[in-house]
Amino acid sequence: MQLTLRTMLLFLWEKAPLQTLLLLSVFLLILAQYLQRRRQHLNYPPGPSGLSRVGYFKMDFKNNHTVLQKFFREYGNIFCTYAGNRTFVMVSGLPLIKEVLVNQDQVFIDRPELPIISHVFKTFGLVMSNGQDWKQQRRFALMTLRNFGLGKKTLEDRIREETRYLTEAIEEEKGQPFDPHFQINNAVSNIICSITFGHRFDYHDSQFREMLKTLDDIMLLQARWECQLFNIVPGIMKFLPGPHQRSFREWKKLESFVKHVIKQHKEDLNPDETRDFIDAYLKEMSKENIHSSFHEENLVFCTLDLFLAGTETTSTTLRWALLYMALYPEIQGKIQAEIDRVVGQSRQPTMADKENMPYTNAAIHEVQRMGNIIPFNVPRVATVDTTVAGYHVPKGSILFTNLTALNRDPNEWATPETFNPEHFLENGQFKKREAFLPFSIGKRVCLGEQLARTELFLFLTCLLQKFKFQAPPNTQLTPNIRYSATLSPASYQICALSRVM
Ligand code: HEM
Ligand SMILES: *[C@@H]1O[C@H](CO)[C@@H](O)[C@H](O)[C@H]1NC(C)=O
């Protein structure tokens, strides 16, 4: 029976994917209509109903924000929508975002099950795990990151050493146009790799290049509508070919890379020396504890999570930074003037310089605000029935917080659509802004925030100390977006002119 259903679906999919999709949509719509009727007596947040919901799907798959924009205007700071039997709640505006992520942090502490991810990670890792397991893993990861140099001199040294490699690689471009994507990706990744795997990878290491390419492919595949549809009807989609299947194959590559590294660590584990995160984890595993979530499968996925989260986000932010530097040469000039004044050319910048460099610090914050790389935050789920802004939000609702709206809120920013470091300055001093939440907030706040901030400051100041970034001759750069799991800049070419005479 299952086989015939599968064959039929495959046949439909291959002969007429669009018609099959329409058929599926109609089915979902009828289901949603039925569920809606059951919800009507409850005080749910407002949201689109009937046919306009098809518009929601269309928007989500194509990453076209316009349809949602209309809903947003219509429904205000909280609205909900349904897909299949799931309720999605979207919250906007600083007061409500703080209400759900801070005041109700216990209610929204868990991640929802997203089939496209849980198909690979099951319930393991740091980012998507829940409950006691998540608590144990998060505490351990934070402690281990700290032991391997977070907030200490050693980590700064690692990053400064890496910037020397990066500077050399960029010098090899000799001021000619080049796409900095790969070098930046590798340099950033090397920091988390040296913490988790115990060493960095040479920029010419073809196997590691392949891993970074795989990671990038996965990020791009996540934005495809087939992967979104997998989240809604995994039972059907798992029988159908498409980019979701490719993403699973790519995940396998990363998984076996990590497994290989773990195997090597097990072979040369030294009881007297803990070299890195994997060593620390292996030692934790050997402790007797039957309720422990520390086992080899979890080690694989925690390592993968750190590798992933530690590479993609920071590297994307740095690529936005270089692009904005080239787009706003005066701002770049002011940062360089500050570097020359505070650091000079004879030594590398350090974290201790940061407090004397308010302009640079403000510009980095502004890159993160404009870059807006995680537009709807990482989703949470309501663990119990709750009330938000007077509306009933049932247990199981998937919560998104609209960070785009926060980053572009005209009530918070003087020039919301324009790159302007003054947003974070007051009388020449750095000014913290409450509406700046790229790392989110609350108990599940980004685990790598401090690491990311250190990397962003050191990489950017070291690069701007040595190079002036500008558009290639006769080329107009534009801040176009590439839609993937994060919002990254569309690939661009840039020239890095040496500043050192
Ligand atoms: C510019 C760089 C970064 C940005 C913008 C960023 C942003 C975020 C955001 C928005 C979340 C979701 C938090 C929430 O649900 O409230 C998150 C979670 C996370 N981030 Fe980052 N992140 C960055 C860098 C890093 C780095 C370098 C690491 C490496 C250690 C990292 C590791 C994680 C992990 C493990 C989580 C999951 C935490 C949990 O669920 O408990 N991130 N990040
Ligand atoms: C998020 O906020 C932006 C900016 O206000 C808006 O254009 C967009 O429609 C909102 N998205 C959702 C899903 O609410």
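For the reader, a short list of remarks on this structure follows.
- Matching residues, the stretch 397-430, being more than 16 Å from ligand 1 (Cβ to nearest atom) and either assigned to a helix (DSSP H, G or I) or surrounded by 15 or more Cβ atoms within 10 Å (Cβ to Cβ) (or both): 408, 409, 412, 413, 416, 419, 420, 421, 422, 423, 425, 430
- Being in contact with a strand residue (DSSP E or B) (Cβ under 9 Å, 6 or more places away or on another chain), at pLDDT 95 or above and of a type in the set (Val, Ile, Thr) is true of residue 100.
- Qualifying residue in the stretch 181-195 (condition: of a type in the set (A, V, I, L, M), in contact with a Leu (Cβ under 6 Å, 6 or more places away or on another chain) and within 30 Å of residue 475 (Cβ to Cβ)): yes
- Any hit, the stretch 263-286, residues being surrounded by 17 or more Cβ atoms within 10 Å (Cβ to Cβ) and small (Gly, Ala, Ser): yes
- Qualifying residue in the stretch 448-463 (condition: of a type in the set (D, E, K, R) and buried (at least 21 other Cβ atoms within 10 Å of the Cβ)): yes
- Restricting the stretch 128-158 to residues that are touching a residue at least 24 places away in the same chain (Cβ under 8 Å), surrounded by fewer than 19 Cβ atoms within 10 Å (Cβ to Cβ) and within 11 Å of ligand 1 (Cβ to nearest atom), the residue that is farthest from residue 200 (Cα to Cα): 138
- Selection status of residue 439, free of Cβ contacts under 8 Å to residues at least 24 places away in the same chain and not in a helix (DSSP H, G or I): yes
- Check on residue 395, free of Cβ contacts under 8 Å to residues at least 12 places away in the same chain and either over 29 Å from residue 86 (Cβ atoms) or away from ligand 2 (no atom under 16 Å from the Cβ) (or both): no
- Selection count where residues are farther than 21 Å from residue 406 by Cβ and either touching a helix residue (DSSP H, G or I) at 6+ places or on another chain (Cβ under 8 Å) or in a loop (DSSP other than H, G, I, E, B) (or both), scope the stretch 448-460: 7
The values are calculated or read from the model by the stated rules, or taken from the named source; none is laboratory data. Small disclaimer: the values here were computed from a predicted structure and weren't measured. All Cβ positions, glycine included, derive from the backbone under ideal geometry; neighbour counts span all protein chains shown.
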